[in-house]
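All of the numbers you see were taken from the coordinates with simple rules; none came from a lab. These figures come from a predicted structure and were not determined experimentally. For neighbour counting, all protein chains shown are included, and Cβ atoms are generated from backbone atoms with ideal geometry for every residue, glycine included.
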Amino acid sequence: MKQTLKKTGHDKADRQMNDVFLQFTAKLVFLIVIMFSFNLFFAGHYTPGGGFVGGLLAAAALILLLIAYDKKTLQRMVPIDFRLIITSGLTFAVGLPTLSFLFGTPFFTHQHTHIEIPVFGDVALHSAVLFDLGVFLTVAATALLIIVLVGEAEN
Amino acid sequence: MTTFLDIIIIISIIILAFAMLGMIYRMVKGPSLHDKVVALDALGILLMAMIALMAMTLRTTYLLVVILLIGILAYIATIAFAKYLEKGVIFENDRHDND
């Protein structure tokens, strides 16, 4: 609208333009999207979902914030260097299958067990979740870095 | 076993497919960029409707996640296109700096 107003000669309208609706909605929708992303992440292995889709959706949620605000604000909201996230994700994704050598089992052999938790009852634990967490972190950070690199302002 | 509902669903899928063809025509041909963006958004919504009908045909609930995913991605894509059309830039470095 700013450019449309400029074309019609309303230069003074510049100062009044702001994105109240977009910024307020982005904060709400960000929570919903990031929650759905973690839901997809934990739903994997038996139902549709998993680390890859969850990571892509987490990156999409951060991109929504990046569109509504700017880079500086996102850096203040999420004070993490995303290259470190890639590194830690790759460490998870590579280190966990390698750990199975220590137990004398073939590469990528996963362990699972059931434990009793007072409130939740019988909970299944699986070591594939840690591998998927690595995939999640790597995909989220990589997608975010690529999209920001492609779409940032040239100045 | 084919019920009346199955026939209706198949007819609806065919109608949606023709509507999608129209949207793709508008996306390729559209006179201005705005027409293309609106057609892309509508194509996403038609895709969601088609997947919902497909989930009814297959009698599964696994596809509902896909519908929500496409909805979120189409929403973000529409916002990004709208900002690009108005401002000419998608990601700003500092919002209060350049104007």
**Prompt:** Any idea how many Lys pairs in the protein assembly as shown come in under 19 angstrom at the alpha carbon, given 8 or more places apart or on separate chains?
**Reply:** 17
**Fill in**
Nearest-0.05 FRET efficiency for residue B:46 and residue A:150 at R0 = 30 Å, using Cβ-Cβ distance, is 0.65
**Asked** Once the Cα gyration tensor of the protein assembly as shown is diagonalised, what are the square roots of 5 times its eigenvalues, in whole Å and ordered largest first, as equivalent ellipsoid semi-axes?
**Response** 38, 30, 15
**Request:** Sticking with the crude label model, points 7 Å out along Cα→Cβ, report the distance from residue A:77 to residue B:86 in nm, one decimal please.
**Result:** 1.7 nm
**Request:** Taking every pair of Cα atoms in chain B, average 1/r, invert it to obtain the Kirkwood radius, and report Rg/Rh to two decimals.
**Result:** 1.14
**Item:** Between segment A:94-134 and segment B:4-32, the alpha-carbon center distance in angstrom
**Value:** 46 Å
**Item:** Per residue convex hull volume, Cα atoms of segment A:65-155, in Å³
**Value:** 141 Å³
**Message:** Less than 11 Å from a label point 7 Å out along the Cα-to-Cβ axis of residue B:63: which backbone N atoms in segment B:3-46 qualify, by residue?
**Reply:** B:10, B:13
**Fill in**
Calc'd 3J(HN,Hα), segment A:117-129, phi into Karplus 6.51 cos²θ - 1.76 cosθ + 1.60 (θ = phi - 60°), Hz, glycine/Pro = x, comes to 10, x, 7, 7, x, 7, 10, 8, 10, 9, 6, 5, 4
**Asked** Rg to Rh ratio, segment A:44-98, alpha-carbon atoms and Kirkwood radius?
**Response** 1.07
**Message:** If you wrap a convex hull around the alpha carbons of segment A:15-133, what volume per residue comes out, as a whole number of Å³?
**Reply:** 145 Å³
**Per-residue mean of C-beta atoms belonging to partner chains within 10 Å, peptide A:57-68** = 3
**Complete:** Residue span residue A:113 to residue A:84: 0.36 nm per residue of separation minus Cα-Cα distance leaves a gain in nm of 7.3 nm
**Prompt:** Using modelled backbone amide H atoms (1.01 Å from N, in-plane), which distant-in-sequence or interchain residues come within less than 5 Å of residue B:91's amide H?
**Reply:** A:153
**Fill in**
Yeah, segment A:86-128 with a ≥ b ≥ c from its alpha-carbon gyration tensor (a/c under 1.5 is rounded, else prolate when a/b outruns b/c, oblate otherwise) is oblate
